[in-house]
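Down below is the structure, laid out as C-alpha cells.
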Amino acid sequence: SAKVIDGKAVAKQSKYEIKIEVLNMKDAIGVVPGLDVILVGDKKDSTEEYLLNHIVDYNENPKVHGILIQLPLPRHMDEARILNAVTIDKDVDGLHPLNIGLLAKRDRDPFFVSCTPKGSIELLHIYDITIKGKRAVIIGRSNIVGLPVSLLLQREDAIITILHSRTENPEEIVRQEDIIVSAAGKANMVRGSWIKSGDVIIDVGINPIDVRPRKSSRLPVGWDVCYDEACKVASAITLVPGGVGPMTISMLLSNTLSSAKRVLKFE
Ligand code: NAD
C-alpha cells in the first residue's frame, strides 16, 4: 500500500526551523518578522475603501513584512482590486498578478509563491518524488490553487494537464498520469479506478460533506480523493487529515521570514 505523505510532520519540522531562525534574527538585530492577516468577514458594512486604506498603511509600515488577505472576500468587494493593492514585496500569499506573472514566465523568480500550492509541491520535494519529465495532472484551475500548482510543476519540467469542471471523461485523463494534484473541491471525486499503480497523489481538497448543524464538533469534511481506494493503488498519498492543510501555514510563516530577511538584509 501507498507511502503516506505526512504534511503535519513536515510542517512541524519546518515551523521549528523557522522559530530558530526568528530567534536568531531577534538576538542579532532585535527585529522579528511581522505578518498582517486581514480578515474582512461578511459584514455588509465592511467597505472597500476602508480596507484599501489599511492595505496602504501596511504596505508602508516597516514592521510589516507580509500581508495576507483572507479569501473569499464578501461578494460586494472587488477581489482583484484588493489583491492588486498589496505591494508585491509583501504579498506573502503570492496572489498579486505580478507575482503570478513572474511565476508563469520562468525567467525570474516571483517575490512569493502562494502558500497552499507551494506547500503541495514542497511535499513532493521532501519525499524525494521525481517531478522532472513526469506527467502531472492538476484537477482544478482556480487562481488560488490549481493555476499556481500547474505553474510550479511546469517550472520543474513536469508535463502538465489541467482539468476543470467542463472537462469530459476526467477519469480517462487522470489514469494516464503519474502525479495527481486534486483541488476540485468535490468530495470523493477521484476513485481508486482512476489511479494506476505507482501514482503519487496530493489531495488539496477539503470539502464540507454535511451541512447539518452540529452542536459541539466541527463539520465533517471529505477529501477530493477516495483515500481508502487510492491508498491501495498509489505509491504515495497525502495523509487525511494532515496532508496539505498544515503545509499552508508553515509556508506562510516561511514566506514572511524570507520577506523580513530580504528587507533587513539578514542572512
Ligand atoms: P474553487 O472552487 O475556486 O476551484 C475549483 C476548481 O475545480 C475549478 O477550477 C473548477 O473548474 C474545478 N472543478 C470543479 N469540479 C470539477 C470536476 N468535477 N472535474 C474537474 N474539475 C472540477 O476551489 P479552490 O479555492 O481552488 O479550492 C479547491 C479545494 O481545495 C477546495 O476543497 C478547498 O477547500 C481546498 N483548499 C485547501 C487548502 C488547504 O490548505 N489544504 C487551501 C485552499 C483550498
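The values are calculated or read from the model by the stated rules, or taken from the named source; none is laboratory data. None of the values given here were measured: they were computed from a predicted structure. Because the Cβ atoms are built from the backbone with ideal geometry, glycine has one as well, and the counts that use them run over all protein chains shown.
Computed values, structure above
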item	result
Residue satisfying all of: in segment 99-120; crowded, with 16+ Cβ neighbours inside 10 Å and not in a helix (DSSP H, G or I); nearest to the ligand (Cβ to nearest atom) among these	114
Matching residues, segment 181-210, being buried (at least 18 other Cβ atoms within 10 Å of the Cβ) and more than 12 Å from the ligand (Cβ to nearest atom)	195, 199, 200, 201
Subset tally (residues that are among the aliphatic types (A, V, I, L, M), touching a helix residue (DSSP H, G or I) at 6+ places or on another chain (Cβ under 8 Å) and under 16 Å from residue 11 (Cβ atoms)) for segment 114-152	3
Count - residues of segment 78-98 that are assigned to a helix (DSSP H, G or I) and away from the ligand (no atom under 15 Å from the Cβ)	9
Of all residues making up segment 38-77, the number that are modelled with pLDDT of 95 or more, part of a loop (DSSP other than H, G, I, E, B) and surrounded by fewer than 12 Cβ atoms within 10 Å (Cβ to Cβ)	2
Which numbered condition residue 228 fails, given (1) farther than 14 Å from residue 139 by Cα; (2) within 20 Å of the chain's Cα centre (by Cα); (3) acidic (Asp, Glu)	(2)
Strands (runs of 3 or more DSSP E) fully within segment 149-267 counting 2 or more residues that are in contact (Cβ under 8 Å) with a residue 60 or more places away in the chain	200-203, 236-238
Residue within segment 160-182 that is at pLDDT 95 or above, hydrophobic (A, V, I, L, M, F, W, C) and within 16 Å of the chain's Cα centre (by Cα) present	yes
Residue in segment 121-143 that is closer than 30 Å to residue 44 by Cβ, more than 14 Å from the ligand (Cβ to nearest atom), without any contact (Cβ under 8 Å) to a residue 40 or more places away in the chain and not hydroxyl-bearing (Ser, Thr, Tyr) present	no
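Here is a yes/no grid of residues against (1) touching a Ser or Thr at 6+ places or on another chain (Cβ under 9 Å); (2) within 24 Å of residue 261 (Cβ to Cβ):
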position	(1), (2)
9	no, no
18	yes, yes
51	no, no
84	no, no
88	no, yes
